[in-house]
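Quick notes on the structure that follows.
The values are calculated or read from the model by the stated rules, or taken from the named source; none is laboratory data. All values derive from a computational prediction rather than experimental measurement. Virtual Cβ from ideal backbone geometry, glycine too; neighbours counted across all protein chains shown.
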Amino acid sequence: MKAIAALLCLVTPVCARAQSDLSGSCDSADGWRIISSDGVKAAVNSVELDGGKVLRLDFDFTTGAGFCVLRRELALELPENYRFAFRVRGQCPRNNFEFKLVDPSGDNVWWVNRQNFEFPAEWTPVSYRARHFRFAWGPSGGATLKKLGAIEFAIAAASGGKGSVFFDDLRFETLDPPSRTPAPPALRASSWAPGAAPRETLAESGEIGWSPAANDQTPHLNIDLHSLRELGGLYVDFDGPPKPIAVSLSEDGRAWSAPLIDQTTPVRGYFAAPDLQTRYLRVTIDRGGAPAAAAPTLRTLRLLPVEAGESQNELLSIMARESRRGLFPQYFLGQATPWTVVGAPGDDKEALVDIYGAVEVEKLGWRIEPFLQTPGGLRTWADASISRALMDDYLPIPQISWLIDGLRLEITALAAGPAGSSTLWLRYRVVNESTTEQPVRLTLLMRPFQVLPPWQALNITGGVGRIRSIVAEPPAWRVEGRPIAFSRKPDDCGTTPFRPLGDCAAWIEQFDHLPSGFVGEDRAGLASGAAAFDLPLGPGESRTIIAAAALHGDAMPALATAAENAGDALFEAALRETAEYWRRELSRVRLSLPPPGKKLADTFRTIQAHILINADGPGIQPGSRSYERSWIRDGALTSTALLYTGHAEQVQRFIDWFAPYQFESGKVPCVVDRRGPDPVPEHDSTGQLIYLLLKYYQFTGDREMLVRHLPRVEAGVAYLQSLRAQRMTPEFRDGPPETRVRYGLVTESISHEGYSAKPMHSYWDDFFTLRGFKDAATIAKIVERPDLEQRFAAIRDEFHRCLYDSLTLAIESKKVDYIPGCAELGDFDATSTAVALYPCGEAANLPQPAGRNTFDRYFRFFCDRRDQKTEWKDYTPYEVRLINTFVRLGQPQRAHELADFFLADQSPPEWNQWAEVVHRDHSAPQFIGDMPHTWVGSDFLSAARAMFVYERDADQALVLGAGVRPEWTSTPGVAVEDFPTEYGPVSYKLFGDSASLTLELSTDASPPGGFALVSPFNRPIRAIEVNGAPNEPRDATEARFPTKGHIVLRY
């Protein structure tokens, strides 16, 4: 939605006639206007409802995705503190509900975004204070909003559908600024026992130590905050004999609320609630008519910050910081916990496994997490020395090992079975590595927490998940209706709703046993359960517990009905079958390297698995959580990597699934998800679909595919031309340089994420547009449509001139010596410019020396960052595509240095993956996109493949070994088997020493430009032998030959 609204602000600047008065603004549709995306019908009207005029917004998401906005210009100087309030009701499905503040420029937006909002059927008041608004996007970067230009109600598709939303009583209020240093609250007690007098003021720690006098029949403690304050709740520690206690609130000290806390002592824990505003608190103790009886002691009462009442994640973070480390997920302590994905290929359900062995079984739902109880006490991930691996170092079967108190806990996770009915299998093996007998209890907790951390808040929000119901009944537990079975009956088990001190883990820590007696539903969605297994172990002995959970619906895992001693065998069978499947799938192409290249070769295989797991059916996706959507950008380039690695059938399914979502206008949607095509205009998309169609043909020869999709190619070219027409008017042809630089380009967009704050005329878009025009002409030729070929070729050539005229003018007018990222800014972005070389094939046409300078400058920056010579916080590992760039530029040493750096910066290194964003501090609590991010991964696959074989655009040669390291050629050398190319599959072995290099090339490929073998050694080629016949070297670094066979280079 960030992208959508950024474009809204671009095309709908704030009107100078904005009004500041909101009184009666919902009585009429005057002053309101509708903005909606492609595929969304929307209208605003004033209607009679409940005896008065109200505003009604009608919407219909006809294609599933999209947005509609109800906008009102509002010129207003904003005070330091304020409140917008309104009433809302609706008759519609759940969707994202946004209230936005837009500055006078229209470029900068602040919002409250309530995702999957359930619109109430009855009038419901809504109030947003200044602190509720978060900066959404814009070039200001989040500077304080001081002047308002417009307000917006927006509905963005979550469920989609159609319906109506009603608004009334919209108003704006100026509020007193919040006190930055409030006076300590004053305490006044009705009485106190000897030595139990309260302090005069409430300390920040909350320590009180109050107990009433024995003769006090109505003991109470009043707390005065001195002024109205917003709270998020209270932490209370009330000790002593069982007596009813209550804590109530009042704004004026006379009228008191229903108790916020109404419990029987002892009471200890966190009591949070939203929208608390009070000046006074009163604590009362009910002695039940026996004043002389011993009274409880209020040890502590602490005010919780307002965020604790508004966010379960914030409350849990407070609880985690004040508890023993290890009882809560690490992310609640503000530290990142990397994870990986486990799933069946093409399945729309995947589990996440974090580096400590917690497994998220259900997206937005719950996790299963191990604890050990030993003679040393309750042991958690925080107490263990932990190591990680993948099975065989590359299979998507993660393994985690704890070493603690002489015990080793080994955790293995895998998904088995076909997409749509897969099962998550978990093995917990405890090994006694000590020399003495160990009584061990393995406790598996089902907890309402995700593996995804709270700061992963794009499209979904991580952290707290949901368990409303949990039932521990044979033959399997049911968590939110999802069966989970164990290989034997637990020795103890318990379930509990969320309690003031936390879930099952906190209960075990406090009472050293499991809770019991909870049956029913936890309305807060924070129930938990524990299954405990006693595993007495002699020295060197091991015991195993297997768990199996259905990833779909309520299907019962086979483990649930198996004999109690059959669990190990069932797991081993699933492990064997899954491992063999992945070994076959990841060996369609084979890359063998000596030990120094093992990390690259392992990563090359693991990424293929992650791509197939992240895919939902035919939909290729870059992630399984935040990015569980199918972008054509990611899909086209990931599909290319799949073609390179022998997975053409997945590419065919993706094309045939995605292409029909093209809009009637010819626009190709940037992304498709379960709601349908997203209408956000990202102008690289259309060229990328055309590119992918041709690329698929080049690797498969499937001409029928091109014929079938030719109408989409025609429509796409026409749409791109319609965008260009908007920039081919006299204004752009004859204007000043800052206008003329945009002549003939496609219009501005945010397809390049660097321009999400404000859309720009991105050369990223233009290079992909040129790629699309070139490939459209080639497709027309292949399908024997000379009329289209001629027309597309003319468009291609004319756009080529416009693009390079623009590049030249941008370089001159911005006085830069590199290829800029966009026409407006003259900005430097080599990662974006790299697509000009690959896949857009423009290496020979880039203006020089700007092209060379671009990548020289990047490499200097890269070295400074790597060598800690410059400050940096994070980067996006899309930079791995520069490995490809340097290979194609004939600079393999630079490619090697990049590969070394990025491979060493994987997280965790044993799992062969990258997130979309990598922070210098891997533990930083910052958004990382998704993990593993398989568009990043596919860029690495394409770059790694180029090190061994690539198609050179300039001469149509097949280039071999351009990125091979000299040390890899030592016997047995490099082996490449069945690598697909545009000209046919290629296999070869490459080995040698300081005197000669031998290539054994086995292929039926016939590239028009022949073969080119790039020497890995930094010395000139002295002689060439092709199948025993001498060939005269034409180049000191490259050997050219027309056919397969036995080739020897001598130095």
Does at least one position in region 263-274 carry a residue that is assigned to a strand (DSSP E or B), farther than 24 Å from THR218 by Cα, without any contact (Cβ under 8 Å) to a residue 60 or more places away in the chain and not small (Gly, Ala, Ser)? yes
Restricting to region 44-53, what's the tally of residues that are among the hydroxyl-bearing types (Ser, Thr, Tyr) and buried (at least 18 other Cβ atoms within 10 Å of the Cβ)? 0
Looking at region 503-514, can you tell me whether even one residue there is in a strand (DSSP E or B) and either in contact (Cβ under 8 Å) with a residue 40 or more places away in the chain or farther than 23 Å from ARG325 by Cα (or both)? no
Identify the single condition in (1) among the small types (Gly, Ala, Ser); (2) in contact with a Phe, Trp or Tyr (Cβ under 8 Å, 6 or more places away or on another chain); (3) more than 26 Å from GLY346 (Cβ to Cβ) that ALA648 does not satisfy, given that it satisfies every other one. (3)
I need the full set of residues from region 103-130 which are assigned to a strand (DSSP E or B), more than 21 Å from LEU458 (Cα to Cα) and aliphatic (A, V, I, L, M), in order please. VAL126
Meets criteria (of a type in the set (S, T, N, Q) and within 30 Å of LEU706 (Cβ to Cβ)) for ASN853: no
Conditions first: (1) more than 18 Å from TRP657 (Cβ to Cβ); (2) in a helix (DSSP H, G or I). ARG625 passes all but one, so which condition is the exception? (2)
Residue count for region 482-496, restricted to those that are outside any strand (DSSP E or B) and in contact with a Leu (Cβ under 7 Å, 6 or more places away or on another chain): 1
Test result for ILE779, assigned to a helix (DSSP H, G or I), within 30 Å of SER105 (Cβ to Cβ) and of a type in the set (A, V, I, L, M): no
Subset of region 887-901 (residues that are out of contact with any strand residue (DSSP E or B) (no Cβ under 8 Å at 6 or more places or on another chain) and farther than 19 Å from PRO596 by Cβ): LEU889, GLN891
Of the residues TYR743, TYR818, which single one is part of a loop (DSSP other than H, G, I, E, B) and over 29 Å from ASP678 (Cα atoms)? TYR818
Being modelled with pLDDT of 95 or more, surrounded by 20 or more Cβ atoms within 10 Å (Cβ to Cβ) and either in contact with a helix residue (DSSP H, G or I) (Cβ under 9 Å, 6 or more places away or on another chain) or not aliphatic (A, V, I, L, M) (or both) narrows it down to one of VAL88, VAL102, so name that one. VAL102
Scanning region 562-601 residue by residue, the ones that are closer than 19 Å to GLY343 by Cα and either acidic (Asp, Glu) or touching a Pro at 6+ places or on another chain (Cβ under 8 Å) (or both) total 5
Taking the residues in region 1001-1046 that are touching a residue at least 60 places away in the same chain (Cβ under 8 Å) and assigned to a loop (DSSP other than H, G, I, E, B) as candidates, determine which candidate is surrounded by the most Cβ atoms within 10 Å (Cβ to Cβ). PRO1016
Cross-chain or 6+ apart pairs with Cβ under 7 Å, region 428-454 first and surrounded by fewer than 23 Cβ atoms within 10 Å (Cβ to Cβ), then basic (Lys, Arg) and at pLDDT 95 or above: VAL431/ARG408; GLU433/ARG408
Helices (runs of 4 or more DSSP H) contained in region 838-918 and holding at least 3 residues in the same structural domain as GLN335 (by TED's automatic domain parsing), surrounded by fewer than 15 Cβ atoms within 10 Å (Cβ to Cβ) and at positive phi: none
Taking only region 458-478 into account, find how many residues are at pLDDT below 90 and either more than 22 Å from ALA547 (Cβ to Cβ) or hydrophobic (A, V, I, L, M, F, W, C) (or both). 3
Could you list, ordered by first residue, the pairs with Cβ atoms under 6 Å in which the first is in region 463-481 and more than 14 Å from PHE518 (Cα to Cα) and part of a loop (DSSP other than H, G, I, E, B) and the second is basic (Lys, Arg) and at pLDDT below 90, at least 6 apart or interchain? none
Among residues of region 437-456, those that are closer than 18 Å to ASP354 by Cβ and either within 13 Å of the chain's Cα centre (by Cα) or part of a loop (DSSP other than H, G, I, E, B) (or both), counted: 8
Out of all the residues in region 559-578, which are surrounded by fewer than 17 Cβ atoms within 10 Å (Cβ to Cβ) and of a type in the set (Gly, Ala, Ser)? ALA563, ALA566, ALA569, ALA573
Given the conditions (1) of a type outside the set (Val, Ile, Thr); (2) in a helix (DSSP H, G or I); (3) surrounded by 24 or more Cβ atoms within 10 Å (Cβ to Cβ), which single one is not true for LYS695? (3)
Looking at ALA555, is it surrounded by 15 or more Cβ atoms within 10 Å (Cβ to Cβ), touching a residue at least 24 places away in the same chain (Cβ under 8 Å) and in contact with a helix residue (DSSP H, G or I) (Cβ under 6 Å, 6 or more places away or on another chain)? no
Given (1) within 21 Å of LEU643 (Cβ to Cβ); (2) over 35 Å from the mean Cα position of the chain (by Cα), number of the condition LEU689 does not satisfy: (2)
I need the full set of residues from region 380-425 which are in a loop (DSSP other than H, G, I, E, B) and in contact with a Ser or Thr (Cβ under 6 Å, 6 or more places away or on another chain), in order please. TYR394, ASP405, GLY406, GLY417
State which residue pairs qualify: first residue surrounded by 19 or more Cβ atoms within 10 Å (Cβ to Cβ) and inside region 54-68, second residue in a loop (DSSP other than H, G, I, E, B) and among the aromatic types (Phe, Trp, Tyr) in any location, beta carbons under 8 Å apart, and separation of 6 or more residues or different chains. none
Can ALA531 be described as under 22 Å from ARG429 (Cβ atoms), in a helix (DSSP H, G or I), in contact with a Pro (Cβ under 6 Å, 6 or more places away or on another chain) and among the aliphatic types (A, V, I, L, M)? no
Filter pass, ALA158 being crowded, with 17+ Cβ neighbours inside 10 Å, assigned by TED's automatic domain parsing to the domain that holds ARG229 and in contact (Cβ under 8 Å) with a residue 40 or more places away in the chain: no
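For every residue, the table says whether it meets (1) within 23 Å of PRO483 (Cβ to Cβ); (2) out of contact with any Pro (no Cβ under 7 Å at 6 or more places or on another chain); (3) without any contact (Cβ under 8 Å) to a residue 12 or more places away in the chain.
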position	(1), (2), (3)
ALA344	yes, no, no
VAL353	yes, no, no
VAL361	yes, yes, no
TRP366	yes, no, no
PHE371	yes, yes, no
ALA382	no, yes, no
PRO396	no, yes, no
LEU407	no, yes, no
